[in-house]
Amino acid sequence: MSINHKYVAPTYSGGHWLPPANNTWDIGSATAAWRNGYFATGLYVDTISEFTSAAGVTIDGVKLKDSQPYCDVINEKTSAAGVTVDGVLLKDGGVVTPILASFYQASGGGLISVPASVGVDVVCLIGATQELDGKTLDSSVLKGTFTASGTVTLPAFTAGGDISLGANKLKTTNFVQREYSTSIWGIYNAAESDFQGLYITALWASSLNMSADGAPLSAVNTDAAYMLLRARDTGVGQVEVARLQGAADPYFQMTLAMRLNPIATASLPATPVEGMLVYDDTANKLKVYNGAAWETVTSA
């Protein structure tokens, strides 16, 4: 029998079987591998790599890694003994002990799932995508229930910054809100076939434009209801100038003085309509169009 001259026998010291030099010698090789290894308590390693390409690495019957990296479900081999990696209990038979049931590596682009028994443990993803199909997110930052269809139900929360919708819509049960144009925000019915109303206490606007012919500006639809037109009385505040009054015969009332802008005789409307009223500042007369000609209004 011959012995390879490169072989140097290990030493036995203090219950340890030691190699001749640290981090130098291998057990087996890429072409001559040992079949199985049995360890009663622990295996201490820095890296676990697959031995045969695409064969994967399996722990307790579970493949941890193959040519498409992932980690599936780790099951304990001895009942209630658990599976421990680097001092962290990944799976235990007891319901009380927090467990990590299944997870995928970020590079595999797969699912991270945590059972309800996990409690306060934290799953931290760096540069990965987390899917929570049919799960509830419960944290001090944000809470919500996610569905497989891609929706999420969130309880009341306070936004600490801007909420950007882009070209998306804001939907409720009966309304859809979205951009009508680059300068107009629209409130629609659920079918987005018509505009809907908006109830507010006060409206500040640089302009008020109707979207259709005959669009009304109406007082409340209640008997005797009215709508006020107000303007600021210098040094006083907002005062009533006119009102649109509901009555058996509704009317428009000038509460304060009304001023007709003076128009020269030569500038009177060329195609007047019966009932037009103007102040002719050439003749200094109040005139009304009777359907055929301008007629000076005289006192009774």
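Yes or no: the range 255-278 includes at least one residue that is in contact with a strand residue (DSSP E or B) (Cβ under 7 Å, 6 or more places away or on another chain), of a type outside the set (Gly, Ala, Ser), surrounded by 10 or more Cβ atoms within 10 Å (Cβ to Cβ) and closer than 30 Å to Thr222 by Cα.
Yes.
Regarding the range 122-140, can at least one residue be identified that is at negative phi, in contact with a Lys or Arg (Cβ under 7 Å, 6 or more places away or on another chain), surrounded by 10 or more Cβ atoms within 10 Å (Cβ to Cβ) and modelled with pLDDT of 80 or more? Before you say what the answer is, go through the steps one by one.
We begin by selecting, within the range 122-140, every residue at negative phi; these are 122-126, 128-133, 135-140.
Then keep just the ones that are in contact with a Lys or Arg (Cβ under 7 Å, 6 or more places away or on another chain); that gives 137.
Subset that is surrounded by 10 or more Cβ atoms within 10 Å (Cβ to Cβ): 137.
Among the residues that remain, those that are also modelled with pLDDT of 80 or more are: none.
Checked against the condition, which is being at negative phi, in contact with a Lys or Arg (Cβ under 7 Å, 6 or more places away or on another chain), surrounded by 10 or more Cβ atoms within 10 Å (Cβ to Cβ) and modelled with pLDDT of 80 or more, the range 122-140 yields no hits at all.
Conditions (1) within 28 Å of Asp233 (Cα to Cα); (2) outside the structural domain of Arg243 (by TED's automatic domain parsing); (3) free of Cβ contacts under 8 Å to residues at least 60 places away in the same chain; (4) in contact with a Pro (Cβ under 9 Å, 6 or more places away or on another chain), marked per residue:
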position	(1), (2), (3), (4)
Ala264	no, yes, yes, no
Ser267	no, yes, yes, no
Val273	no, yes, yes, no
Met276	no, yes, yes, yes
Asp281	yes, yes, yes, yes
Lys285	no, yes, yes, no
Asn290	no, yes, yes, no
Glu295	no, yes, yes, no
Thr298	no, yes, yes, no
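Any idea which residue in the range 258-292 is nearest to Arg243 (Cα to Cα), counting only those that are part of a loop (DSSP other than H, G, I, E, B), at pLDDT 95 or above and among the small types (Gly, Ala, Ser)?
That would be Gly275.
The values are calculated or read from the model by the stated rules, or taken from the named source; none is laboratory data. On a predicted model such as this, the values are computed, not experimentally measured, just so you know. Positions of Cβ are backbone-derived with ideal geometry, glycine not excepted, and every protein chain shown enters the neighbour counts.
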